[in-house]
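Attaching a single structure in structure tokens format; questions to follow.
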Amino acid sequence: MDFAMDQRTKIHPKRYMMWMAIVSIIMMFVGLSSAFIVKRSQANWVSLEIPLVFFYSTGVILASSLTVAMAKRAFGLRQISRYAVWLGAAAVLGILFVVLQTIGFIELWNSGVTVSRNVSFSFLYVIVGLHALHVLGGVVALIVMFIKSFSARNIVYSSLGINLMATYWHFVDILWIYLLIFMMIEG
Amino acid sequence: MTNEEALQHQTQVAHGAAVAAHVAHHKQSFITKYIFSQDHKIISRQFLITGIIWAVIGGFFSVLFRMQLGFPDQTFPWLEDIFGKWAEGGRISQDLYYTLVTMHGTILVFFVLTAGLSGTFSNFLIPLQVGARDMASPFVNMLSYWFFFAASVVMFSSLFVSTGGSSVGWTFYPPLSALGDAAEGAKTGMDLWLISIFLFIVSQLLGGLNYVVTIINMRTKGMFMTRLPLTIWSFMFTAILGILTFPVLLSAVVLLMFDRHLGTSFFLSDIVIQGKILPNEGGSPILFQHLFWFLGHPEVYIVALPAMGITSEVVSTNSRKPIFGYMAMVGSFFAISTLSMIVWAHHMFVSGMNPFLGSVFTLFTLLIAVPSAIKVFNWLTTLWRGNIIFTPAMLFSIGFVSLFISGGLTGIWLGNAAIDMHIHDTYFNIAHFHLVMGVASMFGMFAGVYHWFPKMFGRFMNKTLGYIHFWITIVCAYLIFWPMHYEGIAGMPRRYYDYSNWESFKMFEGLNTFIGYVVIIVFATQFLFIFNFFYSIYKGRKMTESNKNPWKATTLEWTTPPLPGHGNWEGEIPEVHRWAYDYSKGDRDFIPQTEPIGEDEGEH
């Protein structure tokens, strides 16, 4: 039973909830970033080399943000078939992003930079890995919404779902850009 | 039809359907009603009963290790029957001792006083007191309980692995917690412990999101933030602290997992273990302590704030007086929450921190005394010349204030780096935090259970048993922890297995035996409460429709039927016209929040 619809409020409670969840995810990465900064000022720090693939993946996740925005726009115009296409494209780009990150890891690993090589690279693996997990969570949600858009029985009128999805997806996008810049400057 | 119109139409349809459903009481199977329930009231009872089970286990563990400390030269053959090789000859082994200490801390801090306290009362009271049909997302709320349940199952099973449960302390400092070779209890038991805490953090985050959003966004008409009961304010700050700090602990748990299993060196450096030099280099165990205490310190307020909120509500209701200094109470909640996030390093004065940094943390720590003192002052002034009704809940609330003062005063000692360096890791510290946040919050929880039991189960708990429970518990709490101050000042370190080899602590042998007896008595007394609780669920005096506001309280939860269904109010949610503390106003004993302001009265 969804009682949330009962309330007369300007912002939907679930939108609030998404923002709070984002704050809590930010706090986790703040914890990791500050640990990173603390470690950096200590002995034995080796400068990070960001694999080239990570820059390609940045392009991919930026493009995926665009497709999610297009999906949201199509939904607003009630062009459901277009909406489905854009959602599908976003999901594919999301998966591609994770694949590229994995390729980056494999390249690093094969060039001898394993997770335990040096604490700076350990951080790279943990931070990039945790971010990729958050992207994967978003991909799962995208796929669910994609499948639902074909269901004739449950036509969704509320734009809440796609709005939440877009908020989350832009967030993981911005988070990645922050992490990349952070690791380039601090690493 | 545009999206918005369509949405609005759907909302109206949904609204109509929802109201119809409340009246008709939709059919539910046993499983959807009592097990995988999305009703906040059922979820709160699930948290409470799980919390009680954990409290018995955690309390029993403390009885066991106090027996080791109180009667170090005696043997108890039944221990061997229970623990086998872990208590050979009827004496608890050193490994088991540390597992018991670790588990006692973990269980009481996380499972009882976090999940059991704020899980129970945030869930139960938030929708009822702000005037909402349920949480913002009942489904996420259900998930929150089931993640807690999963965490409980993993933690409980960790006690049964062949190398024993985690024995590295509830603060799980590396390198001990990072190296399986370091101790039996740092092997599989530690992995399960970390998995359990991981699940627990997820549970707390899901719960916390709901609490905050429900308070901010789902209040009924007229329920301005300044009209909220103080319970709700305390739950909100508790949840915000959790949302901001648990993720940082999560990152520490992840990094520790990497150190344990993937050979990384976040927290490890230059270690020789059993003659073997480890390859780990460049890690810093101090970094872990920073990450841990960034949660660890707010955690004690996550434990204490709900108890403060419950106390404020119970003290005001049973003094028949408005709470003294409502806005000061809200302000001090805010101040405590904010300060609690910038004092974590006062746990690390002896960890090798820069002494200048220490003085900054000392300053912030001592500043917390200000809002804490404001709260104590307000509780005392609320009691002052009140028309006091000594219900068991009221006694436990006054007990909370007493314990909070006694334990809080020693916090001023410990917060000073110069004094802390001498009494750090001694029994003085144990006495301090058990009084101020352990037993005190437990008292807040008891107060809440006695006060809201009728609303939860539609029946009353037995008062006489409640009084006996209270008096034995508070006397024993002081008898246990007061002497520990002396032991601590004499330098007796905490966490030791056996003190009989130290000439300097031999004088405390009798005292430890005494504490051992008291611990057994107080633990046994808690079964009075547990009996009272479960017996009253089925056989207690019934709360009838005519007596549905037994404490004559102003807040919204007492306007619901004696046993509200899912949706809380039949028909419309009542509108709120005044704050929650209109007691003894004019010639009225109390005025419910739902009553409009009269022409001849001013708003508070």
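The values are calculated or read from the model by the stated rules, or taken from the named source; none is laboratory data. What you are looking at is a predicted structure, and each value in this text was computed from that prediction instead of being measured. Virtual Cβ from ideal backbone geometry, glycine too; neighbours counted across all protein chains shown.
Would you point out which residue out of B:Thr171, B:Thr114, B:Thr102 is of a type outside the set (Lys, Arg), surrounded by fewer than 24 Cβ atoms within 10 Å (Cβ to Cβ) and on the phi < 0 side of the Ramachandran plot?
Details: B:Thr114 fails: surrounded by fewer than 24 Cβ atoms within 10 Å (Cβ to Cβ); B:Thr102 fails: surrounded by fewer than 24 Cβ atoms within 10 Å (Cβ to Cβ).
Among B:Thr171, B:Thr114, B:Thr102, only B:Thr171 is of a type outside the set (Lys, Arg), surrounded by fewer than 24 Cβ atoms within 10 Å (Cβ to Cβ) and on the phi < 0 side of the Ramachandran plot.
Residue by residue through the range B:51-109, note down the ones that are hydrophobic (A, V, I, L, M, F, W, C), part of a helix (DSSP H, G or I), in contact (Cβ under 8 Å) with a residue 60 or more places away in the chain and under 17 Å from B:Asp498 (Cα atoms).
B:Val63, B:Met67, B:Leu69, B:Trp86, B:Leu96, B:Val101
Then there's this: Please work out if B:Thr264 is touching a residue at least 40 places away in the same chain (Cβ under 8 Å) and either within 13 Å of chain A (Cβ to nearest Cβ) or not acidic (Asp, Glu) (or both). Give the steps one after another, and end with the answer.
Working: touching a residue at least 40 places away in the same chain (Cβ under 8 Å): no; either within 13 Å of chain A (Cβ to nearest Cβ) or not acidic (Asp, Glu) (or both): yes.
So B:Thr264 does not fit the description; no.
Pick out the one residue from B:Ala136, B:Ala151, B:Ala115 that is among the aliphatic types (A, V, I, L, M), modelled with pLDDT under 95 and closer than 18 Å to B:Gly242 by Cβ. Break it down stepwise before answering.
Details: B:Ala151 fails: modelled with pLDDT under 95; B:Ala115 fails: modelled with pLDDT under 95.
The unique qualifying residue is B:Ala136.
Applying the selection to the range A:69-115, what residues are outside any helix (DSSP H, G or I) and within 14 Å of chain B (Cβ to nearest Cβ)? Explain how you work it out, then say what you get.
Within the range A:69-115, the first condition is being outside any helix (DSSP H, G or I), and the residues that meet it are A:77-79, A:111-115.
Those that are outside any helix (DSSP H, G or I) and within 14 Å of chain B (Cβ to nearest Cβ): A:Leu77, A:Arg78, A:Gln79, A:Val113, A:Thr114, A:Val115.
Which residue pairs have Cβ atoms under 8 Å apart, sit 6 or more places apart or on different chains, and have a first residue in the range B:28-48 that is at pLDDT below 85 and a second that is assigned to a helix (DSSP H, G or I)?
Pairs found: B:Lys33/B:Ile42; B:Tyr34/B:Ile42.
Look through the range A:143-187, keep the residues that are assigned to a loop (DSSP other than H, G, I, E, B) and β-branched (Val, Ile, Thr), and return whichever of them is surrounded by the most Cβ atoms within 10 Å (Cβ to Cβ).
Pass one, the range A:143-187, residues assigned to a loop (DSSP other than H, G, I, E, B): A:149-159, A:187.
Filter again for β-branched (Val, Ile, Thr), leaving A:155-156.
Details: A:Ile155: 10, A:Val156: 17.
This residue is A:Val156.
Is there a residue in the range B:239-255 that is more than 10 Å from every other protein chain (Cβ to nearest Cβ), under 22 Å from B:Glu313 (Cβ atoms) and not β-branched (Val, Ile, Thr)? Give the steps one after another, and end with the answer.
So in the range B:239-255, the residues more than 10 Å from every other protein chain (Cβ to nearest Cβ) come out as B:241, B:253.
Restricting the remaining residues to those that are under 22 Å from B:Glu313 (Cβ atoms) gives B:241.
Now narrow it down to the ones that are not β-branched (Val, Ile, Thr): B:241.
The answer is yes, given that some residue of the range B:239-255 is more than 10 Å from every other protein chain (Cβ to nearest Cβ), under 22 Å from B:Glu313 (Cβ atoms) and not β-branched (Val, Ile, Thr).
Residue by residue, here is whether (1) in contact with a His (Cβ under 9 Å, 6 or more places away or on another chain); (2) closer than 11 Å to B:Phe443 by Cβ holds:
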{"site": "B:Lys375", "(1), (2)": "no, no"}
{"site": "B:Thr381", "(1), (2)": "no, no"}
{"site": "B:Ile389", "(1), (2)": "no, no"}
{"site": "B:Met394", "(1), (2)": "yes, no"}
{"site": "B:Phe400", "(1), (2)": "no, yes"}
{"site": "B:Phe404", "(1), (2)": "no, yes"}
{"site": "B:Thr410", "(1), (2)": "yes, no"}
{"site": "B:Leu414", "(1), (2)": "yes, no"}
{"site": "B:Ile419", "(1), (2)": "no, no"}
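When you look at B:Val314, is it more than 19 Å from the chain's Cα centre (by Cα), of a type in the set (Val, Ile, Thr) and under 30 Å from B:Arg385 (Cβ atoms), yes or no? Give the derivation first.
Details: more than 19 Å from the chain's Cα centre (by Cα): no; of a type in the set (Val, Ile, Thr): yes; under 30 Å from B:Arg385 (Cβ atoms): yes.
Here the answer is no, as B:Val314 does not meet what is asked.
Would you confirm whether or not the range B:416-426 contains a residue that is part of a helix (DSSP H, G or I), at pLDDT 95 or above and of a type outside the set (Gly, Ala, Ser)? Steps first, answer last, please.
Filtering the range B:416-426 for residues part of a helix (DSSP H, G or I) gives B:417-423.
Okay, now just the ones that are also at pLDDT 95 or above, so none.
Within the range B:416-426 (the criterion being part of a helix (DSSP H, G or I), at pLDDT 95 or above and of a type outside the set (Gly, Ala, Ser)), the answer is no, since none of the residues qualifies.
Continuing with this model, one more query. Among the residues of the range B:549-604 satisfying the criterion of being on the phi > 0 side of the Ramachandran plot and buried (at least 17 other Cβ atoms within 10 Å of the Cβ), which is modelled with the highest pLDDT?
My answer is B:Asn568.
Counting only residues that are part of a loop (DSSP other than H, G, I, E, B) and surrounded by fewer than 19 Cβ atoms within 10 Å (Cβ to Cβ), which one in the range B:267-294 is nearest to the other protein chains (Cβ to nearest Cβ)?
B:Glu281
Another one. When the range B:185-225 is examined, which residues are found to be farther than 30 Å from B:Trp86 by Cβ, in a helix (DSSP H, G or I) and not aliphatic (A, V, I, L, M)? Let's see the steps before the verdict.
Looking only at the range B:185-225, we keep the residues that are farther than 30 Å from B:Trp86 by Cβ, and these are B:202, B:204-225.
Cutting the leftovers down to in a helix (DSSP H, G or I) gives us B:202, B:204-217, B:225.
Once the filter is applied, which keeps residues that are farther than 30 Å from B:Trp86 by Cβ, in a helix (DSSP H, G or I) and not aliphatic (A, V, I, L, M), the range B:185-225 yields B:Gln204, B:Gly207, B:Gly208, B:Asn210, B:Tyr211, B:Thr214, B:Asn217.
Any residue in the range B:196-216 that's in contact (Cβ under 8 Å) with a residue 60 or more places away in the chain and within 17 Å of B:Leu128 (Cβ to Cβ): show its pairings with residues that are outside any helix (DSSP H, G or I) and polar (S, T, N, Q) at Cβ separation under 8 Å, as long as the two are six or more apart or on different chains.
Filtered contacts from the range B:196-216: B:Asn210/B:Ser137; B:Val213/B:Ser137.
For the range B:551-583, what are the residues that are in contact with a Pro (Cβ under 9 Å, 6 or more places away or on another chain), among the hydrophobic types (A, V, I, L, M, F, W, C) and away from chain A (no Cβ under 14 Å)?
B:Trp551, B:Ala553, B:Leu556, B:Trp558, B:Trp579, B:Ala580
OK, next. Is it the case that the range B:223-231 has a residue that's within 11 Å of another protein chain (Cβ to nearest Cβ) and surrounded by fewer than 21 Cβ atoms within 10 Å (Cβ to Cβ)?
No: the range B:223-231 contains no residue that is within 11 Å of another protein chain (Cβ to nearest Cβ) and surrounded by fewer than 21 Cβ atoms within 10 Å (Cβ to Cβ).
Counting just the residues of the range A:7-20 that are in contact with a helix residue (DSSP H, G or I) (Cβ under 6 Å, 6 or more places away or on another chain) and facing chain B (nearest Cβ under 7 Å), which one comes out modelled with the lowest pLDDT?
This residue is A:Thr9.
A further question on this structure: Between B:Ser152, B:Ser118, B:Ser166, B:Ser122, which is part of a loop (DSSP other than H, G, I, E, B) and in contact (Cβ under 8 Å) with a residue 12 or more places away in the chain?
Numbers: B:Ser152 fails: part of a loop (DSSP other than H, G, I, E, B); B:Ser118 fails: part of a loop (DSSP other than H, G, I, E, B); B:Ser122 fails: part of a loop (DSSP other than H, G, I, E, B).
Of the residues listed, the single one that is part of a loop (DSSP other than H, G, I, E, B) and in contact (Cβ under 8 Å) with a residue 12 or more places away in the chain is B:Ser166.
Considering only residues that are free of Cβ contacts under 8 Å to residues at least 24 places away in the same chain and under 15 Å from the mean Cα position of the chain (by Cα), look in the range A:131-150 and name the one that is farthest from the other protein chains (Cβ to nearest Cβ). So that I can check it myself, show each step before the final result.
Taking the range A:131-150 first, the residues free of Cβ contacts under 8 Å to residues at least 24 places away in the same chain are A:133, A:137, A:140, A:144, A:147-148.
Of the ones still in play, those that are also under 15 Å from the mean Cα position of the chain (by Cα) are A:133, A:137, A:140.
Values: A:Leu133: 10, A:Gly137: 12, A:Val140: 15 Å.
Top of the filtered list is A:Val140.
Something else about it: Only one residue in B:Trp569, B:Trp558 is within 30 Å of the chain's Cα centre (by Cα), within 28 Å of B:Gln38 (Cα to Cα) and not in a loop (DSSP other than H, G, I, E, B), so which one is that?
B:Trp558
Anything in the range A:116-130 that is within 12 Å of another protein chain (Cβ to nearest Cβ) and assigned to a helix (DSSP H, G or I)? List them, or say none. Working first, answer last.
Residues of the range A:116-130 that are within 12 Å of another protein chain (Cβ to nearest Cβ), as a first pass: A:116-127, A:129-130.
Matches in the range A:116-130: A:Val119, A:Ser120, A:Phe121, A:Ser122, A:Phe123, A:Leu124, A:Tyr125, A:Val126, A:Ile127, A:Gly129, A:Leu130.
Quick one: which helices (runs of 4 or more DSSP H) lie wholly within the range B:433-543 and hold at least 2 residues that are free of Cβ contacts under 8 Å to residues at least 60 places away in the same chain and either surrounded by 17 or more Cβ atoms within 10 Å (Cβ to Cβ) or touching a Cys at 6+ places or on another chain (Cβ under 8 Å) (or both)?
Values: elements: B:440-457, B:463-489, B:509-539.
Filter on the range B:433-543 gives B:463-489, B:509-539.
Test B:Ser351 against the criterion of being in contact with a helix residue (DSSP H, G or I) (Cβ under 7 Å, 6 or more places away or on another chain), among the polar types (S, T, N, Q) and assigned to a helix (DSSP H, G or I), and give yes or no.
Working: in contact with a helix residue (DSSP H, G or I) (Cβ under 7 Å, 6 or more places away or on another chain): yes; among the polar types (S, T, N, Q): yes; assigned to a helix (DSSP H, G or I): no.
Spelling it out, it is not the case that B:Ser351 is in contact with a helix residue (DSSP H, G or I) (Cβ under 7 Å, 6 or more places away or on another chain), among the polar types (S, T, N, Q) and assigned to a helix (DSSP H, G or I).
Applying the selection to the range B:125-139, what residues are within 14 Å of chain A (Cβ to nearest Cβ) and either surrounded by 19 or more Cβ atoms within 10 Å (Cβ to Cβ) or outside any helix (DSSP H, G or I) (or both)? Explain how you work it out, then say what you get.
Our first condition is that a residue be within 14 Å of chain A (Cβ to nearest Cβ); within the range B:125-139, this holds for B:126-128, B:130-139.
The answer is B:Ile126, B:Pro127, B:Leu128, B:Val130, B:Gly131, B:Ala132, B:Arg133, B:Asp134, B:Met135, B:Ala136, B:Ser137, B:Pro138.
Right, something else. Quick check, is A:Leu48 surrounded by 20 or more Cβ atoms within 10 Å (Cβ to Cβ) and either over 21 Å from B:Leu255 (Cβ atoms) or away from chain B (no Cβ under 12 Å) (or both)?
Working: surrounded by 20 or more Cβ atoms within 10 Å (Cβ to Cβ): no; either over 21 Å from B:Leu255 (Cβ atoms) or away from chain B (no Cβ under 12 Å) (or both): yes.
Considered against the rule, which asks whether it is surrounded by 20 or more Cβ atoms within 10 Å (Cβ to Cβ) and either over 21 Å from B:Leu255 (Cβ atoms) or away from chain B (no Cβ under 12 Å) (or both), A:Leu48 comes out as no.
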